[in-house]
Amino acid sequence: MFIALTLNYPYHLIKFFLLALVILFQSMDIIKLSLAQESFANTACLEIEREALLSFKQGLQDPLGRLSSWNGVDCCRWSGIKCNIAGNVIKINLRNTVPSTSKRSCLGGKINSTLLELKYLGYLDLSLNCFEGLQIPEFFGKLENLRYLNLSFSLFEGEIPPQLGNLSSLNYLDLNMYDSSYSLSSRNLRWLSGLASIKYLNMGNADLANLGSELLQVVNMLPFLEELHFHRCDLYNLPSSLSYVNLTLLSVLDLSDNQIQSLIPNWIYNLTSLTKLDLSNDYYNLNGNIPRECGDKDSKEDPDPQLYYGFEGRIPGSLGSLCGLKVLNLSGNLLTGGLDKFVDSFTTFCPDNSLVSLSLNGNQLAGGLPNSLGKLKYLKQLHISHNCFWGSIPESVGNLSFLQELDVSLNEMNGTIPRTLGQLSRITDLNFRDNHWQGVLTEDHFMTLARLQYLYVSTDRARPLVFNATTEWSPPFRLLSLELYNCIVGPAFPAWIRAQSELNHVVLHKAGIEDTIPEEWFFNISSQVTHLQLSYNKIKGKLPQKLKFPALGYIDLRKNQFEGSLPLWLPNAAEIYLQQNLFSGPIPDDISELTQLQVFDVSENHLTGMIPPSLCLMTNLGILSLRDNQLSGKLPTCWDDSQSIYILDISSNNLSGEIPSSLGRLYDIIVLSLSNNSLSGEIPSSLQNITHLESLDLGNNKLSGNLPQWIGNVSLKLWILRLSSNKLTGIIPAQWCNLSTLHILDLAENSLSGVIPSCLGHLRTLVYTKSDSTVGYGGWLGHTFKEQMFMVTKGRELEYSSTLKLVNIINLSGNNLTGEIPPGITNLTALGTLNLSRNHLTGSIPNEIGNMRRLETLDLSHNKLSEPIPDSISLLHSLSHLNVSYNNLVGRIPTGNQLQTLTDVSMFDGNPLLCGKPLLSKCRGSEVGSDVPISESPDNDFQSELENLLCYCCGYVFGICCVWCTLWKMATWREAYFGLFKLA
């Protein structure tokens with residue numbers, strides 16, 4: 001009837017009437033709310049609950065006084081406390097909100113059981129505090145009205161009390177911890193079944209080893225569960241299937257960073273309400289590098305598959321039935337096969353899919369990227385790095401109009417980057433690092449990328465990727481970070497890069513730039529950049545002497561043509577790499593003003609003058625490399641234990657004087673190289689205090705005195721000991737056999753005497769076993785520092801740098817050593833080079849020399865060795881250089897295997913009693929000991945044969961005459977002889 005009446009009124013009157021009704025209802029709500037607030041304002045908390053809170057406060061440690069408001073009569077007005085109308089405390093929120101890693105802002109101490117007096121408490125948040133090692137109180141299980149309990153990141157430890165299962169009204173439980181020093185655990189999970197109302201459950205980082213099957217059986221009984229987080233819980237096993245799935249409301253499932261190695265379970269495909277599925281593993285922290293079937297760019301050795309875990313097999317197409325998925329993260333697993341079937345299935349079953357984020361980083365996926373990727377129309381993040389994908393990025397990627405992040409780095413992409421990339425107007429992050437790209441990048445690739453902030457492109461092809469842009473091009477974006485490796489943007493310094501005024505991270509490595517540095521651009525960028533790398537170009541010019549960086553800066557200008565004096569970037573430069581340039585002049589005395597400097601590498605320049613003592617004032621300096629300059633004078637004597645230098649390389653200069661004993665106060669040194677100078681005196685005994693020393697290189701100096709016994713101290717972990725080309729005397733101390741980690745021992749070109757210690761055959765790291773690893777010394781240095789060393793191997797002096805950690809050498813050549821080669825040295829089956837040449841060694845080559853199967857160089861020349869060369873030498877399958885010249889060796893030269901490829905006759909010179917190939921002298925006789933050489937000269941062959949024939953004839957005649965003479969003289973023999981004829 002009301003409707004019929006209103007139809008007779010004009011429209012504006014009806015509208016006015018309805019509006020009045022709305023205002024009337026809203027006014028009534030406001031009046032009710034005001035009355036409720038007035039009633040609440042007049043409500044004071046109950047005395048018993050106030051006392052309970054004060055007792056709770058008394059047990060806590062509160063270094064910042066966060067609970068200073070907890071005084072007075074009305075506890076409902078205290079910070080973090082909320083009451084209901086009746087004055088009952090219903091909420092305690094003591095979450096630490098101070099953004100600090102310091103524990104000064106954390107609450108700690110004990111939790112008083114007086115909280116049980118809070119009968120109506122429904123909300124308790126103690127997260128992000130510091131209850132270091134405290135167990136979760138069992139009495140929490142008696143707070144029967146709790147609906148919200150958050151103890152995350154508060155350093156609780158020990159067994160999770162099963163009494164928590166009594167909280168049948170609990171909707172939210174967060175026990176996620178993060179500090180590895182404190183962890184929660186549970187012997188069983190049956191108590192979870194009591195959480196009948198739970199919607200959110202997070203037990204991240206709890207130790208639930210071997211409880212995977214039980215976990216799924218229990219949580220499958222929680223019908224209201226919406227989010228389940230079991231991140232890094234040491235779950236080894238999950239059931240592959242469930243008889244029924246009761247988790248019909250589950251929208252978030254997080255089982256990331258566990259130790260599961262199986263196929264993706266079938267029951268996951270029935271979780272039709274899922275919007276987020278995280279089955280990832282933190283693949284950058286998985287026991288080293290991830291195994292990649294297509295060849296791991298980071299690993300030099302084949303990884304042991306037993307060290308890795310993760311979901312296996314192909315990405316199941318059944319995941320395509322989960323049409324509600326918005327986030328899918330399968331990174332860091334062992335998934336194989338292609339991406340096409342999964343994407344095709346997903347886009348077919350779910351044409352209106354709402355997938356926003358797809359992360360497949362760190363698997364073993366291969367093949368080309370499917371064109372159907374373009375049908376994931378709402379995709380914002382596509383992360384598929386560290387796989388084996390090849391080919392090109394499909395043209396359809398231009399259809400992903402919402403895409404913000406695209407990461408295809410660390411793959412085998414060998415095609416082109418499509419121009420449709422220029423249609424991604426929302427893209428902010430493009431990562432194309434470490435592939436094999438072909439073709440050309442043009443302005444069209446970046447046509448509408450106005451939001452682009454991060455651009456990373458690198459290729460390792462011999463033919464680099466070319467970035468072709470006109471000098472007039474004004475890009476639509478303003479980058480924050482730019483990395484171009486092996487991408488040609490030169491030869492002129494590109495104008496479009498100079499136009500990027502907001503850059504704080506710049507890498508132009510091998511960019512083909514042969515221009516002078518733009519001074520204005522360099523000056524402007526220095527005020528904001530924190531990472532500047534222009535390495536491996538031919539950039540010329542002089543740099544400003546002093547620039548200020550805003551934060552800890554990384555500056556890498558190595559291998560260019562910069563000249564002039566060394567610049568100083570004050571005060572925040574942390575790492576400076578200026579090696580292989582044309583810098584000249586002295587090192588500035590005020591270098592100590594670089595108070596934050598950690599790495600200073602100015603090697604391979606033209607620096608002159610003395611090393612300034614102000615370097616001793618740089619307490620943060622960790623790496624100092626002044627190698628290959630023209631520095632002169634003496635080493636500073638001011639080094640002390642306040643410095644943290646762990647690499648000191650001042651080799652290949654013109655330094656003189658003695659090695660200062662104060663170097664022994666640099667207790668953290670790992671690499672000490674003072675080679676190729678004119679240092680004199682003895683090796684200071686103070687160096688034995690550097691117990692972390694792994695590489696000691698004092699070669700090519702004028703050092704004198706005996707070899708120090710203390711070098712054999714068992715506390716030293718030397719990998720490299722090089723003292724060659726000095727004036728050292730005395731014997732090789734037997735104590736040096738204690739150097740159990742030694743890989744390189746180079747004592748060549750000294751005046752050492754005595755015998756070679758037989759115990760050298762006990763150097764453990766040179767005795768090959770399957771468990772030995774060459775990744776040790778220098779492996780952690782990465783690109784930061786590469787030690788350089790020259791050593792004689794394969795008959796010539798070779799430079800070793802990045803491969804130094806793979807070298808196994810003993811070089812004792814050019815001394816006055818006597819005695820025999822100790823047989824035990826053949827135990828060093830991992831040795832690659834053995835050089836004992838130019839000594840006075842006697843005896844024979846050990847018969848067991850063939851045991852040294854990894855030997856590539858064997859030089860025993862210029863000694864006094866005798867006896868035959870052992871046949872076992874033919875077992876040295878890796879041998880590429882052999883020299884036994886100028887000894888007293890005799891007999892046949894062994895043949896076979898690798899020896900057949902060594903045809904240089906000079907390696908046997910000076911041994912006139914050797915015979916056989918590759919020498920021209922043939923051998924006579926079958927026994928090695930009886931072999932003697934005979935000439936193969938054609939002129940002597942006929943004469944030798946004639947002489948042999950005459951000898952045979954004379955011998956025959958002489959034999960006949962002897963028989964007849966005997967028969968003629970001895971009658972009895974004659975009668976017996978002719979009697980034989982009568983019998984016949």
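Please tell me which of these pairs span more than 31 angstrom C-alpha to C-alpha: LYS559/LYS727; LYS142/LYS199; LYS199/LYS380? Pairs exceeding the cut-off: LYS559/LYS727. Sorted fewest first by neighbouring Cβ atoms within 10 angstrom, LEU617, LEU766 come out as LEU617, LEU766. Over region 118-249, all Cα pairs binned in 10 Å intervals from 0 give whole-percent P(r) values of 13, 46, 34, 7, 0, listed from short to long. In nm², what is the average projected area of the convex hull enclosing the Cα atoms of region 535-693? Mean shadow area of the hull around the Cα atoms is 8.5 nm².
Quick one: divide the alpha-carbon radius of gyration of region 430-508 by 2.2 N^0.38 Å and tell me what you get. If you can, show how the numbers build up before the last one.
Details: Rg = 11.8 Å, N = 79, 2.2 N^0.38 = 11.6 Å.
It is 1.02.
Based on C-alpha pairs under 8 angstrom that are at least 6 apart in sequence, region 535-693 has a relative contact order of 14 percent. Note on HIS877 and SER751: their simple-model spin labels are 4.6 nm apart, each label 7 Å out from Cα toward Cβ.
Dimensions of region 600-672 along the principal axes, based on C-alpha atoms and rounded to the nearest Å, stand at 29, 23, 20, largest first.
Taking region 345-382 and a reference point 7 angstrom along Cα→Cβ of ASP282, no backbone N atom is nearer than 11 Å.
Peptides 376-387, 125-136, 473-484 ranked from most to least packed give 376-387, 125-136, 473-484, packing being the mean of other C-beta atoms within 10 angstrom over each peptide's residues.
Any chance you could run the full-extension gain for ASP668 through PHE349? It's 0.36 nm times the residue separation minus the Cα-Cα distance, nm to one decimal.
Working: separation 319, 0.36 × 319 = 114.84 nm, distance 6.14 nm.
In short, 108.7 nm is gained.
Computed on the Cα trace of region 323-480, the radius of gyration divided by the Kirkwood hydrodynamic radius gives Rg/Rh = 0.96.
Computed from backbone phi with θ = phi - 60° and the Karplus coefficients 6.51, -1.76 and 1.60, the 3J(HN,Hα) list for region 673-678 is 10, 10, 5, 6, 10, 10 Hz; x is used for glycine and proline. Applying 0.36 nm per residue to the separation of SER318 and GLN61 and subtracting their alpha-carbon distance, the gain on full extension is 87.3 nm.
Among SER501, SER152, the order by Cβ neighbours within 10 angstrom, fewest to most, reads SER501, SER152.
Starting from the Cα of ASN897, step 7 Å toward the Cβ, then list every residue of region 858-879 with an amide N under 17 Å from that point. Flagged as within label range: 858-859, 869-879. TYR536 sits among other residues whose Cβ lies under 10 Å from its own Cβ, and their net charge, with Lys and Arg +1 and Asp and Glu -1, is +3.
Net charge in the neighbourhood of LYS110 (other residues with Cβ under 12 Å of its Cβ; Lys, Arg +1, Asp, Glu -1) is 0. Between ASP207 and LEU806, the contour length at 0.36 nm per residue exceeds the Cα-Cα span by 211.7 nm. A Förster radius of 30 Å, combined with the Cβ-Cβ distance separating ASN270 from THR416, puts the computed FRET efficiency at roughly 0.10. Each residue of region 200-207 was assigned a 3J(HN,Hα) from its phi angle through the Karplus expression (A = 6.51, B = -1.76, C = 1.60, θ = phi - 60°), giving 10, 9, 10, 10, x, 6, 6, 7 Hz with x at Gly and Pro.
Would you mind ranking LYS548, LYS510 by Cβ crowding within 10 Å, fewest neighbours first?
LYS548, LYS510
Lys and Arg at +1, Asp and Glu at -1: add these up for the other residues within a Cβ distance under 12 Å of ASN701 and post the number. Residues close to ASN701 contribute a combined charge of -1. With the simple model of a label 7 Å out from the Cα in the direction of the Cβ, LYS119 to SER193 spans 3.2 nm. Model label sites at HIS840 and LEU242, defined 7 Å from Cα along the beta-carbon direction, differ in position by 8.5 nm.
Values in this text are rule-based calculations from the coordinates and carry no lab data. Owing to the predicted nature of the structure, the values given are computational and were not obtained by experimental measurement. Here Cβ is always computed from backbone atoms with ideal geometry, including for glycine, and neighbour counts include all displayed protein chains.
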